[in-house]
Amino acid sequence: MVLCLIGLAVVCYGILYAIFLYVLDCDLELAFYEKFGKPISRLRGKVVFITGASSGIGENTAIALAKHGVKLVLAARRKAELERVKQNCIACSNGKLAENDVLVLPMDMLDFDSHEKNFNLAVQHFGRVDVLLNNAGRSQRANWENIEMRVHKEMFDLNVFSVLNLSSIAIKYFNTVGSGHIAVTSSVTGVLPLPFSATYIGSKHALHGYFNSLRNEKLTTDLRLAVTLLCPGPTFTNFLQESYTDTVGQKYGIPTQNTDRRMTGERCGELCAIAIANETHESWMGLFPMMPLLYLFVYFPIIGRIIMKVVGPNNLFRFRDSKDISLSEKQS
Ligand SMILES: NC(=O)c1ccc[n+]([C@@H]2O[C@H](COP(=O)([O-])OP(=O)(O)OC[C@H]3O[C@@H](n4cnc5c(N)ncnc54)[C@H](OP(=O)(O)O)[C@@H]3O)[C@@H](O)[C@H]2O)c1
């Protein structure tokens, strides 16, 4: 009788889990925090430094934070776009933010020598920086064996080494004030290695290694450091247009279309802001069937591998990009 009840409980738990994963567009922890966790407004008055804030996920996270009166440093290369985002942030804040509460900081993440000066400018302007969100990055669509070595190096410079350089400057500053928070926009592909973007996926996996190791290294030090890995799935941004291919200097250049199956930038920005407010370690976001796939791959890797094989790389490509692989082959 007892065994029957335990069995029934396990089956009910499994069914509930499956239903949740069908309905939710994020992992269960983040969904819980959205309903019952700390509100984004707990960050009101704090300063969040966002790289890649001129468009896409960075822009939408900035707006989600601005709505709650979070002060912002908006960094990227396109100054005019940053000014546009700044005005949107002030408008969305409903009077909680004034001109001086949003700092536009034009900077090229690949100019490593400028990082310290720019970070110090933000500290001087606000007297503090509480959170660094490393979001700037570019993706890739390419066949594994054709990727030029210079593409691997350029992408790691932007997606990994620039992030490490700016983060180490931030951590040295956090050491002086006793606490801080580093967030990094990774990707669901930092967890689930989908095909046809090997360098990109390698770079996102590298971020997980570096930043999980950082969190563990600071567990028992005087510095109270939070480290959050944000893992969005396919989202409507300029991302595909800007993606690398296998060839140096070439952009993928294929735009997203309204009919694509992607999360909106607004929703992704909102989820990123919730994850930051709740200092999660790792948060997954994406439309169905991304969540069940991630849970399967992480918790039942053998079943995950079988599913990968049955579905096949071309279908996985179509699932990720809402486009056929042949389009990408014509491109390169
Ligand atoms: N969209 C998706 O489906 C998706 C999914 C998972 C993860 N992500 C991640 O989300 C992050 C943001 O991408 P997104 O989708 O929002 O694409 P996006 O709209 O193209 O945004 C990329 C941002 O990075 C900035 N950037 C690029 N190169 C830079 C450089 N050298 N120096 C400074 N800033 C630079 C761009 O600004 P400027 O051009 O003005 O410099 C822009 O603000 C990336 O890390 C990406 O890996 C995106």
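The values are calculated or read from the model by the stated rules, or taken from the named source; none is laboratory data. Just so it is clear, the structure is predicted and the values come from calculations on it, not from any experiment. Here the Cβ is made from the backbone with ideal geometry for all residues, glycine too, and neighbour counts use every protein chain on show. What goes into the accessible areas is simple: the full protein's heavy atoms, side chains included, and nothing from ligands, DNA or RNA. Shrake-Rupley method; radii C 1.70, N 1.55, O 1.52, S 1.80 Å.
Assorted remarks:
- Selection from region 219-238 of residues that are farther than 17 Å from Ile57 by Cβ and touching a residue at least 12 places away in the same chain (Cβ under 8 Å): Asp222, Leu223, Arg224, Leu225, Ala226, Val227
- Evaluation of Gln250 against (1) closer than 19 Å to Thr189 by Cβ; (2) open to solvent by 40 Å² or more (accessible area, probe 1.4 Å) (one fails), failing number: (1)
- Annotation note: of Thr237, Thr264, Thr280, the sole residue that is within 26 Å of Val47 (Cα to Cα) and open to solvent by 60 Å² or more (accessible area, probe 1.4 Å) is Thr264.
- Looking across Ile302, Ile306, one residue alone is in a helix (DSSP H, G or I), closer than 23 Å to His208 by Cα and open to solvent by 20 Å² or more (accessible area, probe 1.4 Å). It is Ile302.
- Set Gly253, Gly286, Gly249: member being without any contact (Cβ under 8 Å) to a residue 60 or more places away in the chain and on the phi > 0 side of the Ramachandran plot: Gly249
- Condition met for Val160 (within 15 Å of the ligand (Cβ to nearest atom) and touching a residue at least 12 places away in the same chain (Cβ under 8 Å)): yes
- Filter result for Asn88 (of a type outside the set (A, V, I, L, M) and either under 30 Å from Asp111 (Cα atoms) or free of Cβ contacts under 8 Å to residues at least 12 places away in the same chain (or both)): yes
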